[in-house]
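Visitor: This is the structure, below, for whatever I ask next.
Taken together, the values in this text are just the output of simple stated rules run on the coordinates, not laboratory data. In this text the structure is predicted, and so the values were computed from the model without any measurement. Here the Cβ positions follow ideal geometry from the backbone for every residue, glycine too, while neighbour counts run over all protein chains shown.
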Amino acid sequence: MALVCIVDDDVLVRKSLTSLLQSAGHMAAPFASGEEFLASPRHECAACILLDLKLKGMSGLEVQRRLNEEHVAVPVVFISSQADDEAVRRAIERGARAFLHKPFSSDEMLEVVESIAIGQAGKPAGS
C-alpha cells in the first residue's frame with residue numbers, strides 16, 4: 001500500500017483524490033498548502049506527491065525546488081487547471097514524473113500513481 005501525498009489548496013480536490021486513492025488501496029495524506037506539506041515528516045516517505053501548480057502561498061514549483069534542494073527523491077506529479085507550456089516545461093525539467101491537466105479522469109490519475117508506486121516498490125523511503 002503506497003502513501004500518496006496530495007498538496008492542493010482546493011478542499012474538494014483533496015477530498016476527491018483522497019477518496020479515489022483510498023478506494024484503490026493506497027494511503028492518502030492531504031495537505032492544504034506547500035508549507036504544511038514541507039513541515040510534515042510524510043514528505044520524505046511518500047511513494048508519490050500529487051502537487052498542484054498554483055497554490056496559495058508557496059507555489060507548486062517552489063515546493064518542487066525545495067524538495068530538490070533537500071535531496072528528497074519522491075516522485076512528483078503536477079496537477080493543474082491553469083498550466084501554461086512554460087510551467088509544464090520547468091516542472092518536467094526539474095524532475096516531475098508527470099503533469100496532469102485538470103480535469104483528469106480517475107483512470108488517468110490511478111494509472112500514473114500506480115505506475116510510480118510499482119517503480120518505487122522495494123526502494124527505501126525517500127530514494
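Visitor: Sorting Ile6, Ile49, Ile116 on the 10 Å Cβ count, fewest up front, what's the list?
Guide: In increasing order of surrounding Cβ atoms, one gets Ile116, Ile6, Ile49.
Visitor: Same structure, new question: Gaussian network model of the chain, Cα springs within a sub-10 Å range: biggest mean-square fluctuation belongs to which of Glu111, Glu36, Glu69?
Guide: Greatest mean-square fluctuation among the candidates belongs to Glu69.
Visitor: Now for a separate question. How many lysine pairs are close in the chain, with Cα atoms under 18 Å apart and the two 8 or more places apart or on different chains?
Guide: Value for the chain: 5.
Visitor: If each residue's Cβ is checked for other Cβ atoms within 10 Å, how do Met27, Met109, Met1 rank with the fewest at the top?
Guide: Lowest count first: Met1, Met27, Met109.
Visitor: Mean-square fluctuation check for the chain, GNM, Cα pairs under 10 Å: which of Ala24, Ala73, Ala39 is largest?
Guide: Ala39
Visitor: Another question, then. Counting each DSSP H run of 4 or more residues in the chain as -39500 (n - 2.57), what helix-only mean residue ellipticity at 222 nm follows after dividing by all residues, to the nearest 500 deg cm²/dmol?
Guide: -12500 deg cm²/dmol
Visitor: Relative to the compact-globule scaling 2.2 N^0.38 Å, provide the ratio for the alpha-carbon radius of gyration of the chain.
Guide: Values: Rg = 13.0 Å, N = 127, 2.2 N^0.38 = 13.9 Å.
The reported ratio for this selection is 0.94.
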